[in-house]
Amino acid sequence: MQKIMVVDDEEVLRMLIEDTLEDLENVEIHTAENGLEALTKLSADHFDLVILDYMMPEMTGIEVLQQLDEEKKSTTAILMLTAKAQDVDRIRAVEAGARYFMPKPFSPMELLQIVEGILSGEGK
Amino acid sequence: MVKESKANHSIKNKYFRIIVFVFSLIIIMGTVFFIFINYEQDELSRDRESLQNKADTISEMASTLNDVFFRARGFTLLKDENELKLLNVALVNFDKILDTYSNLNLTSEEALFRDGLKSFYVQYKNKTLPEAIRLVEADNYAALRALAEDGSTKSVNDFLTYTKEYRLRSDTELNNMALDYIKRANEFTFITFFFSTIILLFFTFMIWRILKNLINPILKLEGATHSLAAGEEILLGKLKNQDEIGRLYTAFLNMARSIQDKEEELMMQNEELHAQQDELQDQQYRLQRSLSEIESMMKALNQSSAVGILTDKGVFTYANDNLSKYTGYKNSEVIGFTYKLLELYNISREQMQKIFNKLNTGGVWSDELQILTKDGLPIWMHLTIVPYLNNDGVIYQYILIAYDITSMKSVQLELAETLKNTEQTKKMLELNNQLNHDITYTLDKHEFADKFIQFMHHLYSFDSSFFLLVKDKIAAVKGIPQENVERYLDNENNEMLYRLKTEKTYLIKRLATQSEQGISANEVYCYDFYTTVVNAEDEILAVFCGSRIGHSFSKEEINEVQGMMNRVALAIERLFMYEEIEHGRKLNRDIVNNVNEGIQFVNTEGMMLQMNKALCNMVNFEWTEGTLIPRKEWMDYFIECSNEKDKLWLFFEQAIAEYSLESSSMQYSIGTEPMKHIDVYAIPVFRRELRIGTLFVYRDITREYELDLMKSDLVSTVSHELRTPLSSVLGFTELLLSKTMKPEKQLKYLETIHKEAKRLTELINDFLDLQRMESGKQQYITEHVNLSEIVLGVIDQYKLSSTHHVLLVDEALNAEVDVDKDKIVQVLTNLLSNAIKFSPSSNEVKVLLHNEPDHIIVRIQDNGLGIPKDQIGQLFQKFRRVDNSASKRIGGTGLGLAICKEIIEKQKGTIGIDSVEGEGTTVWFSLPILNAEASRQQDELNKWNADKELKPNVMIVEDDYSLSLLLSEELKGKGFRVTHHYHPQQAFDQALKTPFVAIVVDLMLGEELDGWDLIRMLKDDSRTENIPIVISSALDQSDKNQLNDVIQKYLTKPYPPGELSNTLEEIVKIKTGVGEVLFPESKKHL
């Protein structure tokens, strides 16, 4: 069983991502509505993939990544999902340790494909 | 101390100590030696004695033994008893001697010998003798002979031989010993001799040392004494020793020095005497020479001057040839006559008296005088008269020396004349110089004109003059009434100029006017001199006119003045030029200073020559026009201010550098809060190919910079804000399209899509609204409105809200404002919905209205989430929401408050937020009221009332907002504080919290509860049963029945509002306040 965590402050978007990924087999989906919650959950458990929103109140996605230790970053794939889709933001995300990057608005099917790819070990 | 140290350094002591030491050493050594010798001798004699003793003992032993044998033989032979007895005695003796011998100090050989003897003795005594005796007794001589031959006799003989040998040996030994002794004695004698020799040598050395120590310095001293006697320099060093000789040395040296000093002094005195003598001789020589000089001088004097000798009475006794030559009198004509012969010319009595006085007191008189010669011609003489005094101090004769200075005198006079002329010329020159200076350095035209006039007056003594600068009509006058000048300028100016155009200079001779004539009795003529100053183009620059009364102008003067005018022309042209330049400069400066951009000019060395006001203000630098600021100073200041120090430094350096030929620019910032952004560009400045410096232009681009920043920030935020709902819309649509799902889910998705799309629309609308407002395109239609009414109207829309109850506390007496009603409604709606949205756990929102001077304040108060303090300030910015999860869940576009702020500020109002996180938020805005003047008076009144007692609180429970407004306006006017409620339950709760003087109730309220229910609730509760209630309602008869004697007043709708307030006032006045329920007395219709 593989574990995914969806971190987004917008409930609607969490729902959208959850529903998109619900058909994946052998996958457990968790959610967190802010960075702090995500960090708490990450320290308690292992996740194969974290889908992380960039713009969140109190703590941005980048800040979450900065607080995450290197070991976690190497074992957990990070997909940065963001409405800030300029090159600068992309570079900043990659520098912080996000391996994948997807701009908002996104296509759920494309997201599904990417997630499937990540989980099956592609690009690892 | 000193004595002790002296004693230490004394020779006596030193050598005394050494001698004592050596003596003691000798005595000790002699004693030791003596004892040693004694001991040795003792030893030797003792040895000898013992040896002697031994020898004696042995010889005695031998004799005793011989005796024994003798007696034994005797006995054997004689058989005499007596012999036996003697034998026994001899044996006893022998035994004794043997014992004595045994006790002696024996060598091993001797001990052997002793043992042999002893054993022999024992053998003999105990065996042989008794045997012998027995044999003798038995007369067995054969046996006896055998016994004798047995060997005992042999051993006795051996023994005797040994004894003899021993004796010989001991003698030899004794001899040896004596020899040894002598040898030893010899040795000792030698040692003693040697020792004595050494002591002698030592003493000799000591004496030599002492002599050396004593003699050497004494010899030196002797030498020094000789040289002292010979008067030579004493070359004696100081002796190191501090002993008697050393001291003697020092004393001698001191003595020698003092002697030498004295000697030198004496020598000097002697030399002085010599010098005096020389001088005396010299003087004598000089005197002789002087005498001869005087003689020759006398000769010379006789030849050059006139010399005469007069008696004390003034009679000539001698006159030389020169005197006759000068005066023309012959010698004979002079001698015997008094001095009066020579008539003094041009001399007064007093002067004569003075001369006599001087001479009579013995003084020498000398002066220049004119004397008449015999021919009656005056000649100039230099006279010197010397009185001669006899020993009693009485004058006995005068000597007169005179020489002719007539020619010199005439030259002198000529010279004085020339000097005077020169002086005048000098004065002229000085004046000219002054004029030159004045016209060169005076830059003000008025000053110039004044100075010129003064100069002319000074030079040509005009009585009155006038100088006019034609172009500027600047006139300087002296001695001319103002009206004349004006007349000249106004009327005749042209005519005058006309004539002057043709004639550069002319002279007018006219009769003097009365004032000019003054006190003169005769008719006087006045001369007016007109001249012009023309430039190269023959244009008249200035006119000068001067008048003299009774005194015309010479041709020279006229020429001179004309020449001067040419110079003045140059000066005036220069003045014009200067003015033009100055004007241009000022114009340039004004232009530079009024430019918004900062401008700075720096020369090639980096020296700052110019900076304009805008730059001074921009960088806050003090600069006064004309000061030069060195490169380092201004650059350091500019760089220190900036936040990009290194970059700016590099920019300046490169821009100023001579090789940079192109303009460059950079942007930098100054300060932190607030930060100024500056764009500076540098332009190299050339004058005819030659680089003369660099021009820096600074532009404050803070606004542009911030706008840029804001714009990009806004774009990024807007894109984010738009992308989030778009994500939902697109995402769910795609899910719907690509997945099969239950209809409920489809519906849910569709709802979400709709909601998000709506949010998107709202966002875009808000954004466009704000954009329109900010760009100033929004039209505001202002009208007269009552803010209380608007507030009530908006609250009315929330009446049906199930979650929150909106309460209005209205204290505003003057709510008249001039605003755009729709916009204010928008603001209120926005703020109210915010308040409701952000207080999810509370059920009440309070709206308060009150007046402040010139303003009305509306406060919307909730008990909700509140806002963190640090975020309050940002909330009016676009897309700023309270940044935490709780408020995020609530949502919103983040533009509402920005829109409110925009609207309120456009209506000349202010808006603000007070909030405590977790306790609630109050958003307030204030708007200027109309008729501020009137309301202020009202305020005063209210304040006065308020001072006396608190405003009575009245609650209106009414669901029709227009009626409620009507009532509240009336009540507020009477000084009540009105609280509005539309819900019976909330009103009741409020009544429990706030002490009301009365409650006005409408019976027809909502659906669940009505007015009656409220009245009942109030009456049933002990806390509220005493509050008077006024019913304001359309009441029918059946309702009246319900009153049950509890209602005091009852107002039937519609009724004039005055009715209600009167009723309430009554209640307050009488303070019945005991739970009456009132009804209206009058049922008059409005």
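The GluC sites (Glu not before Pro) of the range B:724-815 include none that meets both conditions, a loop assignment by DSSP and at most 13 other Cβ atoms within 10 Å of the site Cβ.
Tell me the carbon and sulfur percent of the accessible area for the protein assembly as shown, rounded to whole percent, probe radius 1.4 Å.
On the way: 37790 of 70060 Å².
Here carbon and sulfur together make up 54 percent of the probe-accessible area.
Solvent-accessible surface, computed for protein heavy atoms with a probe of 1.4 Å, shrinks by 10 Å² or more for the following residues of the range A:26-74 when the other protein chains are added to the isolated chain: A:Glu33, A:Asn34, A:Met55, A:Pro57, A:Glu58.
Got a sec? What order do B:Val715, B:Val791 fall in by accessible area at 1.4 Å, biggest, i.e. largest, first? Working shown, then result.
On the way: B:Val715 95, B:Val791 5 Å².
These residues rank, largest area first, as B:Val715, B:Val791.
Working note: Karplus 6.51/-1.76/1.60 with θ = phi - 60° gives the range B:356-364 the couplings 4, 4, 4, 5, 5, 8, x, x, 8 Hz, where Gly and Pro are set to x. For the range B:813-880 versus the range B:376-403, the inter-centroid distance based on Cα atoms is 129 Å. What residue among A:Ala98, A:Ala44, A:Ala77 shows peak mean-square fluctuation when chain A is described by a Gaussian network model with Cα springs under 10 Å? Among A:Ala98, A:Ala44, A:Ala77, the largest GNM mean-square fluctuation belongs to A:Ala44.
Restricting to DSSP loop positions (anything but H, G, I, E, B) with no more than 11 other Cβ atoms inside 10 Å of their own Cβ, which GluC sites (Glu not before Pro) remain in the range B:513-556? If you can, show how the numbers build up before the last one.
Numbers: sites: B:Glu516, B:Glu523, B:Glu537, B:Glu539, B:Glu556; in loops: B:Glu523, B:Glu537, B:Glu539.
Passing both the DSSP loop test and the Cβ count: B:Glu523, B:Glu537.
Of the trypsin sites (Lys or Arg not before Pro) in the range B:405-509, the ones in a loop by DSSP (not H, G, I, E or B) with at most 12 other beta carbons within 10 Å are B:Lys473.
As I understand it, the dipole of the protein assembly as shown uses +1 on the Cβ of Lys and Arg and -1 on the Cβ of Asp and Glu, about the Cα centre. Which of B:Leu808, B:His446, B:Val22 lies farthest toward its positive end? Most positive-ward Cα: B:Val22.
Helix B:244-304 and the longest principal axis of the C-alpha atoms of chain B enclose an angle of approximately 50°.
Note on exposure: B:Arg1023, B:Arg169 ranked by accessible area (1.4 Å probe, complete protein assembly) read B:Arg1023, B:Arg169, with the most exposed listed first. Using only the alpha-carbon atoms, how far is helix B:555-594 inclined from the longest principal axis of chain B? Give it as 0 to 90 degrees, nearest 10. Helix B:555-594 sits at roughly 90 degrees to that axis.
Note on the protein assembly as shown: antiparallel DSSP beta bridges, both residues inside, total approximately 70 percent of the bridges counted. Taking the Cα centre of the range B:779-931 as origin and assigning +1 to Lys and Arg Cβ atoms and -1 to Asp and Glu Cβ atoms, the resulting dipole is close to 720 debye. Projecting the Cα atoms of B:Gln779, B:Ile218, B:Ser712 onto the dipole axis of the protein assembly as shown, where Lys and Arg carry +1 and Asp and Glu carry -1 at the beta carbon, places B:Ile218 farthest toward the positive end.
In the protein assembly as shown, taking the dipole from charged Cβ atoms about the Cα centre, the farthest positive-side position among B:Thr57, B:Thr733, A:Met5 is held by B:Thr57.
Take every residue in peptide B:718-727, count the Cβ atoms of other chains within 10 Å of its Cβ, and give the average of those counts.
On the way: counts 0, 5, 7, 2, 3, 9, 10, 4, 4, 14.
Rounded to a whole number, the mean comes out at 6.
In this structure B:Trp924 has an accessible area near 60 Å², from a 1.4 Å probe over the protein heavy atoms.
Accessible surface for B:Phe996 stands near 20 Å², nearest 10, in the context of the full protein assembly shown (1.4 Å probe). Computed on the Cα atoms alone, the convex hull of chain B gives a volume of 949 cubic angstrom per residue. Here the protein assembly as shown is assigned +1 on the Cβ of each Lys and Arg and -1 on the Cβ of each Asp and Glu. Its dipole about the Cα centre then comes out at about 4940 debye. Helix content alone sets the calculated 222 nm mean residue ellipticity of chain B: runs of n ≥ 4 DSSP H residues at -39500 (n - 2.57) each, divided across all residues, give -19500 deg cm²/dmol. Residues considered: A:Thr76, A:Thr31, A:Thr40. Largest GNM mean-square fluctuation over chain A, using C-alpha springs under 10 Å, is found at A:Thr40.
Only protein heavy atoms count here; on that basis, with a 1.4 Å probe, A:Lys104 has an accessible area of about 0 Å². Scattering from the protein assembly as shown was approximated by placing one identical point on each alpha carbon and applying the Debye formula without solvent; log10 I(q)/I(0) at 0.04, 0.05, 0.06 1/Å stands at -0.75, -0.83, -0.95. Relative to the longest principal axis of the Cα atoms of chain B, helix B:645-656 runs at roughly 70 degrees. When both the range B:601-678 and the range B:298-329 are represented by their alpha-carbon centers, they are found 96 Å apart.
Which sequence of B:Leu201, B:Leu813 reflects their accessible areas, 1.4 Å probe, from the largest down? Present the calculation step by step, with values, prior to reporting the outcome.
Numbers: B:Leu201 115, B:Leu813 45 Å².
The residues order as B:Leu201, B:Leu813, largest area first.
In the range B:719-873, the DSSP beta bridges split such that about 65 percent are antiparallel, to the nearest 5.
What you get for chain B, charging only the Cβ of Lys and Arg (+1) and of Asp and Glu (-1), is a dipole of about 2900 debye around the Cα centre.
The values are calculated or read from the model by the stated rules, or taken from the named source; none is laboratory data. Here the structure is a predicted model, which means the values were calculated and not measured. Every residue, glycine among them, receives a Cβ derived from its backbone with ideal geometry; neighbour counts consider all protein chains shown. We work out accessible area using only protein heavy atoms, side chains counted, and drop any ligands, DNA or RNA first. Shrake-Rupley method; radii C 1.70, N 1.55, O 1.52, S 1.80 Å.
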